[in-house]
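Written out below as structure tokens is the structure these notes cover.
The values are calculated or read from the model by the stated rules, or taken from the named source; none is laboratory data. No experiment lies behind these values; they were computed from the predicted model shown. Using ideal geometry, Cβ is built from the backbone for each residue, glycine included, and neighbour counts are taken over all protein chains shown.
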Amino acid sequence: MAPHAHVRRIAMVVGLALLLPIGVAQAAAPSGTPGARGIGDPYYADYGNGGYDVDHYGIHVAYVPKTDRLRGTTKIRAHATKNLSRFNLDFVLPVKSVRVNDRRASFTQGRHELVVTPKKAVAKGQQMVVDVTYAGVPSTIKSDGVQPWIRTDDGAAAVGEPEIAAWWYPANDHPRDKATYDVSVKVAKGLEALGNGVLVSKRVAHGTTTWHWREAKPMAPYLAFFVVGQFGIDRSRVDGLPVITAVASHGGNEGRYAAADLRKTPQVIRFEANHFGPYPFDAMGGVAPAADFGFALENQTRPVYTRGFWRDGPNIYVVVHELAHQWYGDSVSVQNWRDIWLNEGFASFAEWLWSEKHDEGTAKQLFQQTWDSYPRGNGFWKVKIGNPGAHNEFNGAVYDRGAMTLQALRTRIGDDAFFTVLRTWAADHRYGNGSIPEFIDLAQTVSGEDLASFFEVWLYTSRRPAATEANGFPADFDPKVVGRESIPQSWAKIQRTNELLAQAERR
Ligand SMILES: [Zn+2]
């Protein structure tokens with residue numbers, strides 16, 4: 001923890017006139033030192049925490065749509081990575097009690113941080129079980145100007161990136177600390193509750209239904225979700241895996257289009273597995289709630305989609321995008337949020353591959369079309385997509401210039417080396433994290449080429465790349481030709497999809 005961060009945290013606690021002087025906590029646990037208030041992400045000082053690593057979350061919540069009231073208990077199984085006198089969780093709902101290893105612990109709550117002081121310091125390597133009990137109204141709580149909680153026509157959606165966990169369960173909220181999950185959601189009978197992974201059980205008692213979902217593969221905290229509402233649910237088994245798709249019961253035409261496209265989930269996953277390697281998870285599906293929240297999110301095993309994607313009819317491209325994230329984003333997560341191109345560039349490029357395969361325009365044509373759409377000097381080219389800046393990760397350029405970068409790499413090193421790079425990346429970092437420099441190293445190793453200036457131009461330069469073969473432009477590329485008479489058939493849908501996806505974070 002940097003000294004200035006320490007000072008700032010204390011100042012914040014004092015400023016909010018919150019409980020417990022720091023000195024008291026330290027006196028109670030002389031053998032350890034406090035865990036950092038952040039995991040060390042250069043963009044967000046308070047995302048994640050230091051001093052421990054979570055193995056499993058056991059989350060029980062009860063949710064009432066009418067009042068937006070959420071009650072919960074979360075049992076966190078973690079282990080200390082140093083001798084720990086005190087540690088933080090990212091959480092914004094009012095906490096009632098905290099226990100560590102079955103003993104009552106003291107705690108304070110700041111704007112974004114729940115600070116827990118166990119009775120006894122936790123020794124390095126030792127397991128700690130943390131029980132947190134809480135209740136609140138998520139939609140009323142803002143943290144640093146952010147309020148990601150979504151109320152729908154008939155329920156709610158705990159879906160957001162990079163932040164949502166803190167509004168429904170206490171977490172070490174950073175993709176670097178993945179864990180497995182059991183999530184139980186209790187709702188009034190007649191409502192459905194969807195979540196990640198496998199549906200373990202559905203228990204009806206005293207006018208309520210409790211839906212128990214399990215994600216047995218490591219998952220980043222922001223990818224855990226639940227959605228409550230009234231849904232038509234489709235269940236099947238494909239290639240040995242359970243498929244669950246859910247579309248809002250009163251979704252109208254948009255709902256009908258969404259249902260038809262979500263039913264193609266297994267087919268899209270098969271297509272992507274052909275290019276990216278084996279599907280990494282134990283279940284698949286998708287959820288389209290009754291709400292216009294303006295984006296979709298690649299929730300692990302079961303992405304969640306706003307109905308607006310289907311306003312103009314069928315749209316398989318958004319499904320292709322979110323499912324590609326199962327490899328690039330979910331199984332392989334960013335090391336830091338500045339690595340976001342590894343998620344959004346790749347998922348957008350998957351849309352181009354789908355278009356190419358289905359004769360709606362080749363990736364080469366879509367590359368040309370994107371070039372034509374953003375003339376030199378356009379703000380699009382100003383974004384350094386390899387390090388776009390905090391709160392700018394979901395700029396449209398990260399998606400579209402991001403896809404161009406991969407198509408340029410494909411042209412530069414050839415299909416064989418290119419798809420080997422994509423598959424090796426997914427295999428080497430499966431269930432873990434990866435950074436852009438590591439990806440560049442891999443591309444150079446597989447291709448045997450020096451790609452330093454290629455990636456510098458595409459990822460780290462705030463100018464339009466020169467149309468040279470070294471930069472991965474095809475030999476017959478004519479930068480002056482505007483191919484208006486041959487716009488790829490998929491272009492409008494891909495544009496609309498990526499615009500909606502990119503908008504999400506500008507709320
Ligand atoms: Zn995306």
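Checking each residue in region 345-365 for being buried (at least 20 other Cβ atoms within 10 Å of the Cβ) and free of Cβ contacts under 8 Å to residues at least 60 places away in the same chain picks out A347, F349, A363.
Among the conditions (1) in contact with a strand residue (DSSP E or B) (Cβ under 7 Å, 6 or more places away or on another chain); (2) farther than 19 Å from Q326 by Cβ, V204 misses just one, which is (1).
When you scan region 266-274, do you find a residue that is within 16 Å of the ligand (Cβ to nearest atom), within 20 Å of the chain's Cα centre (by Cα), in contact (Cβ under 8 Å) with a residue 12 or more places away in the chain and in a loop (DSSP other than H, G, I, E, B), even just one? No, the conditions are met nowhere in region 266-274.
Exactly one residue out of Y57, Y47 is assigned to a loop (DSSP other than H, G, I, E, B) and either within 15 Å of N172 (Cα to Cα) or in contact with a strand residue (DSSP E or B) (Cβ under 7 Å, 6 or more places away or on another chain) (or both): that is Y47. Can you name the residue in region 148-192 that is part of a loop (DSSP other than H, G, I, E, B) and touching a Lys or Arg at 6+ places or on another chain (Cβ under 9 Å) and, of all such residues, is nearest to A248 (Cα to Cα)? The selected residue is P148. Taking residues in region 485-501 that are touching a residue at least 12 places away in the same chain (Cβ under 8 Å), and partners anywhere that are within 15 Å of the ligand (Cβ to nearest atom) and among the charged types (D, E, K, R), the pairs with Cβ atoms closer than 8 Å and at least 6 places apart or on different chains are S490/E351; I494/E351; T497/E351; N498/E351; N498/D400; L501/E344. Apart from one condition, D282 fits all of (1) more than 16 Å from the ligand (Cβ to nearest atom); (2) of a type in the set (D, E); (3) buried (at least 17 other Cβ atoms within 10 Å of the Cβ); the exception is (3). Go through the residues of region 388-395 one by one and say whether even a single one is at pLDDT below 95 and charged (D, E, K, R). There is at least one residue in region 388-395 that is at pLDDT below 95 and charged (D, E, K, R). Restricting attention to region 402-438, the residues that are of a type in the set (F, W, Y) and within 19 Å of the chain's Cα centre (by Cα) add up to 2. Set side by side, the residues G308, G313 differ, and just one is at negative phi and not assigned by TED's automatic domain parsing to the domain that holds A492, which is G308. Pairs meeting the criteria (first residue in region 448-475 and on the phi < 0 side of the Ramachandran plot, second residue in a loop (DSSP other than H, G, I, E, B) and among the acidic types (D, E), beta carbons under 8 Å, at least 6 apart or on different chains) are A475/E469. For region 141-190, the set of residues classified as modelled with pLDDT of 95 or more, among the polar types (S, T, N, Q) and surrounded by fewer than 24 Cβ atoms within 10 Å (Cβ to Cβ) consists of T180, S184, listed by residue number. Looking only at residues of region 315-335 that are among the aliphatic types (A, V, I, L, M) and over 16 Å from G197 (Cα atoms), we find that the one that is farthest from the chain's Cα centre (by Cα) is I316. Within region 109-126, the only residue that satisfies the criterion of being among the polar types (S, T, N, Q) and not in a strand (DSSP E or B) is Q126.
Taken over region 408-418, residues that are in contact with a helix residue (DSSP H, G or I) (Cβ under 9 Å, 6 or more places away or on another chain) and surrounded by fewer than 16 Cβ atoms within 10 Å (Cβ to Cβ) amount to 1. Listed by position, the helices (runs of 4 or more DSSP H) inside region 293-388 whose residues that are within 13 Å of the ligand (Cβ to nearest atom) and closer than 29 Å to R176 by Cβ number at least 2 are 316-324, 341-357.
Within region 389-406, the set of residues being buried (at least 23 other Cβ atoms within 10 Å of the Cβ) and outside any loop (DSSP other than H, G, I, E, B) comprises A397, V398, Y399, D400, R401, G402, A403, M404, T405, L406.
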